[in-house]
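The values are calculated or read from the model by the stated rules, or taken from the named source; none is laboratory data. This one's a predicted model, so the numbers in the text were calculated from it and none came from an experiment. Here the Cβ is made from the backbone with ideal geometry for all residues, glycine too, and neighbour counts use every protein chain on show.
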């Protein structure tokens, strides 16, 4: 029962703060609302027993990307008073695509609802960190190291471009 309540709290936090990100006219308000969106997603990962992904969500998105975004906005001259203007040029095509996707999702969810309702006994999951760590350092060591080198090269390239 309490997991259901927590799910709805995290889902509402994620959806409401994402709506503020989308509809906010201030870049600072959008960035701080993005913080709550990321926290809500991390909470949903915790409820799914994906502890490694939840911690990675917090460290990478909140600790890295969001802080970088906030500092970039705050350190840019006159960026705190920037008003975002959204044109209404593509409103009709966007509304048509959103309606089509919503209709497809409603059809799929209503057809699969009976199958979901039959799942009652879900086994508890201990955690994913041990298994992910073993896989990353044994089976997938080469792609893991290649991704690390690629990220290092990207950071060095960004620093070189920013220096010019």
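Key figures
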| item | result |
| --- | --- |
| Residue list for segment 111-147, filter: surrounded by fewer than 10 Cβ atoms within 10 Å (Cβ to Cβ) and at pLDDT 80 or above | 138, 142 |
| Criterion: surrounded by 11 or more Cβ atoms within 10 Å (Cβ to Cβ), modelled with pLDDT of 70 or more and not in a loop (DSSP other than H, G, I, E, B) - qualifying residue of 107, 46 | 46 |
| Options 60, 22; residue that is out of contact with any helix residue (DSSP H, G or I) (no Cβ under 7 Å at 6 or more places or on another chain), surrounded by fewer than 16 Cβ atoms within 10 Å (Cβ to Cβ), free of Cβ contacts under 8 Å to residues at least 40 places away in the same chain and within 22 Å of residue 132 (Cα to Cα) | 60 |
| Answer from 34, 39, 44 - the residue that is farther than 25 Å from residue 129 by Cβ and within 15 Å of the chain's Cα centre (by Cα) | 34 |
